[in-house]
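The values are calculated or read from the model by the stated rules, or taken from the named source; none is laboratory data. Worth saying up front: this structure is predicted, and the values here are computed from it rather than measured. Cβ sites come from the backbone with ideal geometry, for glycine too, and all protein chains shown count toward neighbours.
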Amino acid sequence: MIIVSGTLHVTPDAREAYLADCDAVTEQARKAPGCLDFTLTADRLDPGRINVYERWESEAELAAFRGSGPEAGQTAVILDADVRKYRISGVEAA
């Protein structure tokens with residue numbers, strides 16, 4: 001299992017438009033083979049922060065979906081990003 005998790009930072013006035021622009025990609029991801037979860041959400045305390053969380057069955061399925069990454073317009077809005085990929089070897093019920 002692969003988890004992609006982290007944060008993006010944009011100006012507070014750009015956040016809602018950025019998230020709206022990501023709706024189509026979120027829908028595509030959730031329909032993609034191997035996608036277990038995919039979400040980009042507004043942080044409730046920091047008006048410029050976007051939380052990123054993806055969960056995939058395998059590296060190959062993530063790579064097949066990923067393609068070339070965000071569009072240039074989306075990338076231009078991002079002020080800072082800290083998003084990491086984690087390879088999970090075991091899962092237990094909480």
_Being under 28 Å from S89 (Cβ atoms), of a type outside the set (A, V, I, L, M) and either modelled with pLDDT under 90 or loosely packed, with under 13 Cβ neighbours inside 10 Å (or both) is the filter here; which residues of the stretch 59-72 pass it?_
R66, G67, G69
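If you check R84, R44, R15, which single one turns out to be without any contact (Cβ under 8 Å) to a residue 60 or more places away in the chain and either in contact with a His (Cβ under 7 Å, 6 or more places away or on another chain) or exposed (fewer than 15 other Cβ atoms within 10 Å of the Cβ) (or both)? Break it down stepwise before answering.
Values: R84 fails: without any contact (Cβ under 8 Å) to a residue 60 or more places away in the chain; R15 fails: either in contact with a His (Cβ under 7 Å, 6 or more places away or on another chain) or exposed (fewer than 15 other Cβ atoms within 10 Å of the Cβ) (or both).
Only one candidate qualifies: R44.
Checking the structure you have, find out if any residue of the stretch 41-48 is modelled with pLDDT of 95 or more, touching a Phe, Trp or Tyr at 6+ places or on another chain (Cβ under 7 Å) and assigned to a strand (DSSP E or B). So that I can check it myself, show each step before the final result.
Taking the stretch 41-48 first, the residues modelled with pLDDT of 95 or more are 41-48.
Add one more test, that the residue is touching a Phe, Trp or Tyr at 6+ places or on another chain (Cβ under 7 Å), and what stays is none.
No - not one qualifying residue is present in the stretch 41-48.
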